[in-house]
1. Which lysines, on any chain, are close to K134 with Cα under 24 Å apart, when same-chain ones fewer than 8 places away are left out?
2. For region 4-145, count all C-alpha to C-alpha pairs, find those more than 27 Å apart, and express that count as a whole percent of the total.
3. Counting only other residues whose beta carbon sits under 15 Å from that of V165, what net charge do I get with K and R as +1, D and E as -1?
4. Work out how far the C-alpha atoms of region 157-212 reach from end to end along every principal axis, then list the three figures in whole Å, largest first.
5. Per DSSP helix of 4 or more residues, -39500 (n - 2.57); summed, then divided by the residues of the chain. What does that give at 222 nm, rounded to the nearest 500?
6. Multiply the residue separation of A232 and E294 by 0.36 nm, subtract the distance between their alpha-carbon atoms, and state the gained length in nm to one decimal.
7. So if the hydrodynamic radius of region 149-311 is defined as the Kirkwood radius over C-alpha pairs, what does Stokes-Einstein give as its diffusion coefficient at 37 °C and 0.692 mPa s, in µm² per second?
8. Between A2 and Q108, what is the FRET efficiency for a Förster distance of 22 Å, r being their Cβ-Cβ separation, to the nearest 0.05?
Amino acid sequence: MAVNNRKVAVVGCGFVGSSSAFALMQSGIFSEIVLIDVDQARAEGEAMDIGHGVPFAPSPCRVYAGDYADAADAAIIVVTAGAAQKPGETRLDLVNKNVGIFKSIIPQIKDSGFEGILLIVSNPVDVLTYTALKLSGLPEAHVIGSGTVLDSARLRYMLGQHLGVDARSVNAWVVGEHGDSELAIWSSANVSGVPLNDFCEMLGHHDHKATEARIAEEVKNSAYEIIQRKHATYYGIAMSVKQLCTTIMRDERAVMPISSLMVGEYGIDDVCLSMPTVVGRDGVVCRVPIPMNEDEKAELQSSAQALKDVISQVDFSL
């Protein structure tokens, strides 16, 4: 089936899915957005609400509720469906629950004949990206997760706040798992090419290790802090989805820390995690070997092993 380069589908119409669809409508990248949800009435309501804003969008866009057959010719399918972690529930409980949901969703996407880019946003995103890759039959480059795109944006934002500079001038990455074992790569962080520590000292900041530890912890705990206050996070990830879709559809070949299958880089394979990656119209173009010190390499290995330990306990059979 021919791919419609002006069409995107969003599976899951909760806070993240509907906010992502709203951001995509505003982007002007797509002229057709199909919303899919197990609750058809919810999908219809979100489509109506978002559609009513189209007269103020940069270009015409048809927003409607549909099913997997409607998504078959989409350029990108964004999957946000999944259960949220409940109090007292372990991380593995959540993994098994959402892998079960993906065993329902991904085969329907596969059966539709979809040949575009599959963008996984549901959590735990690295394990579910791996699940989607195993179940979809799509090429490795076409199955990507939102990974640490938002975590890296949070890091840049917080460093910008700390230094009093535009966050867009800060270059810094969060890599590994999108979760508790993620790590910030401080050794190559910079502000417009100036090493981060040099820039900090220029502004009178000298306690580097303590500041790095504090900011890294704040980045890691951002979602928990937001959920504690408003019960869900969705605007930041919606902007991340919009940026990812824009990068893909415009074939920008921008470097973004997406989650994708590692095939030996840094001695890591058969697991999906986030590393800076050149992203284009065909998904993964190549990974970028950013400089890391020995401690950071060891932390990345630990993060990969933490994910492998979870994956080893998951049943991927249909």
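1. Once the sequence-local lysines are set aside, what remains near K134 is K97, K103, K110, K308.
2. I get 18 percent for the Cα pairs in region 4-145 exceeding 27 Å.
3. Taking every other residue near V165 into account, the sum is -1.
4. The principal-axis extents, from largest down, are 32, 23, 18 Å.
5. Numbers: 9 runs with 136 residues, N = 318.
Theoretical 222 nm ellipticity from helices: -14000 deg cm²/dmol.
6. Working it through step by step, the gained length comes to 18.7 nm.
7. Working: Rh = 16.6 Å.
Diffusion coefficient, whole number: 198 µm²/s.
8. Rounded to the nearest 0.05, the efficiency is 0.65.
Where a number appears in this text, it was derived from the coordinates with a stated rule and is not lab data. This structure is a prediction, so every number in the text was calculated from the model and none was measured. All Cβ positions, glycine included, derive from the backbone under ideal geometry; neighbour counts span all protein chains shown.
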